[in-house]
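S.K.: Mind looking over this structure? Questions follow.
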Amino acid sequence: MIIIEYLCTQIDIQETEIVSLIHIIVIGRAARFSPHSVEKDAAILAEVCQQLRGQNRRVEFFDESHSDVLPDADVYVTMGRDERVLDLLSEKEQSGKLVVNATAGIRLCCHRSRLENQLSAAGIPLPTAAWGNGGFWLKRGDAPVQTVADVVFVPVREQLEAARQHFHDRGISDVVESPHVEGDLVKFYGVAQSGFFEIFYPGDDGDYKLGHEHRNGRPSHYPFSRQQLLEMAEKAAATCRLTVYGGDAIVRPDGSFCIIDFNDWPSFARCRATAAEAIARRIIQMEECHGN
């Protein structure tokens, strides 16, 4: 987190000027919530800090692993997922402060069972049994993914019960089952109501987070409607009350797609600079509207 602390504290202004600036507290994500992505997650937050500083905001950084108290500020920007920190931020929201992302959205994304129920109810296309013909995925449903063991591929139905038992042996009883869908794996990144939306094929560069992405092989780049995916992603973000979001989708040969993952504040590693600009710009817009 040194990179963030440096970028967030190097503000070349006079002390008297600091008092009048909009004060933004930025909260970094604990390493346990960034499996294989610690540096990438830190980097996007550092870039956002730089952008906010460039707009004459006073930025103060906190690590969620060591944040028992959060001082008063005008805006709170968080990648945190720790329940203790979310409780503190909920109190700030209740007192009228702006928190990005909203704690309700973060909590929902951290609880996959509830997340999938709400996305399904909102009409977001999710994997269905009719689309699956190549195995199953089991994912912990009670908390965000923290290790490779939290996401398991099961090739045949007869092995599902044994795989569930492995979760149970780790103390995880809430497990979500989804069919594996063949097609192109597409990662998408967005900032709600900002116009920023980017898609990438991880199979093109082999930059995988947990290694499971290789199951879909090299992408065929099937034609599909980018506009429809954007609309579904924005609808999911609105359902989850997220400003900064990302996810994964599978595009089938006929151009139909389903969303297989949706989460709060990804690393934006493939589009970090432009994403940071869009995130900071949207935060400032929300701050200005919130103050009126």
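S.K.: Taking the solvent-accessible surface of protein heavy atoms with a 1.4 Å probe, what is the per residue accessible area of the chain in Å²?
M.R.: 46 Å²
S.K.: Another question, then. With angles folded into 0 to 90 degrees, how steeply does helix 272-290 sit against the dominant principal axis of the chain? Use alpha carbons for both and round to 10.
M.R.: 60 degrees
S.K.: Report the label-to-label distance for Glu83 and Ala129 in nanometres (one decimal), using points 7 Å from each Cα along the Cα→Cβ vector.
M.R.: A separation of 3.3 nm, rounded to one decimal place.
S.K.: Would you mind computing, in nm to one decimal, how far apart the modelled labels at His168 and Glu91 are, each placed 7 Å from Cα along Cα→Cβ?
M.R.: 4.0 nm
S.K.: Dipole size in debye (nearest 20) for the chain around its Cα centre, Lys and Arg Cβ +1, Asp and Glu Cβ -1?
M.R.: Dipole of the chain, to the nearest 20 debye: 580 debye.
S.K.: Now a separate question. Which listed residue (Leu138, Tyr189, Phe262) has the Cα farthest towards the positive end of the charge dipole for the chain, taking +1 on Lys and Arg C-beta and -1 on Asp and Glu C-beta about the Cα centre?
M.R.: With unit charges placed on the Cβ atoms, the residue in question is Leu138.
S.K.: Roughly to the nearest percent, how much of the accessible area of the chain is carbon and sulfur, given a 1.4 Å probe?
M.R.: Carbon and sulfur: 48 percent of the exposed surface of the chain.
S.K.: To the nearest 20 debye, what is the magnitude of the charge dipole of the stretch 34-129 about its Cα centre, counting +1 on the Cβ of each Lys and Arg and -1 on the Cβ of each Asp and Glu?
M.R.: Approximately 320 debye in magnitude.
S.K.: If you project the alpha carbons of the chain onto the principal axes, what extent comes out on each, in Å, largest first?
M.R.: 67, 43, 33
S.K.: Relative contact order for the chain: what percent, with Cα pairs under 8 Å and sequence separation of 6 or more?
M.R.: 20 percent.
S.K.: Could you give the dipole magnitude of the stretch 90-141 about its Cα centre, charging the beta-carbon of Lys and Arg +1 and that of Asp and Glu -1, in debye to the nearest 20?
M.R.: 140 debye
S.K.: Relative to the longest principal axis of the chain, what angle (0 to 90°, nearest 10) does the C-alpha long axis of helix 160-169 take?
M.R.: Helix 160-169 and the main axis of the chain meet at about 40 degrees.
S.K.: Now for a different question. Which pairs, out of Lys139/Lys187; Lys92/Lys139; Lys97/Lys187; Lys92/Lys187, put more than 30 Å between their alpha-carbon atoms?
M.R.: Working: Lys139/Lys187 18 Å; Lys92/Lys139 32 Å; Lys97/Lys187 32 Å; Lys92/Lys187 32 Å.
Lys92/Lys139; Lys97/Lys187; Lys92/Lys187, as the Cα separations exceed 30 Å there.
S.K.: Which angle between 0 and 90 degrees, to the nearest 10, do you get for helix 83-94 versus the longest principal axis of the chain when only C-alpha atoms count?
M.R.: For helix 83-94, the angle is close to 60 degrees.
The values are calculated or read from the model by the stated rules, or taken from the named source; none is laboratory data. What you are looking at is a predicted structure, and each value in this text was computed from that prediction instead of being measured. Ideal geometry is used to build each Cβ from the backbone, glycine not excepted, and the neighbour counts take in all protein chains shown. The accessibility values were calculated without ligands, DNA or RNA, using every heavy atom of the protein model including side chains. Shrake-Rupley method; radii C 1.70, N 1.55, O 1.52, S 1.80 Å.
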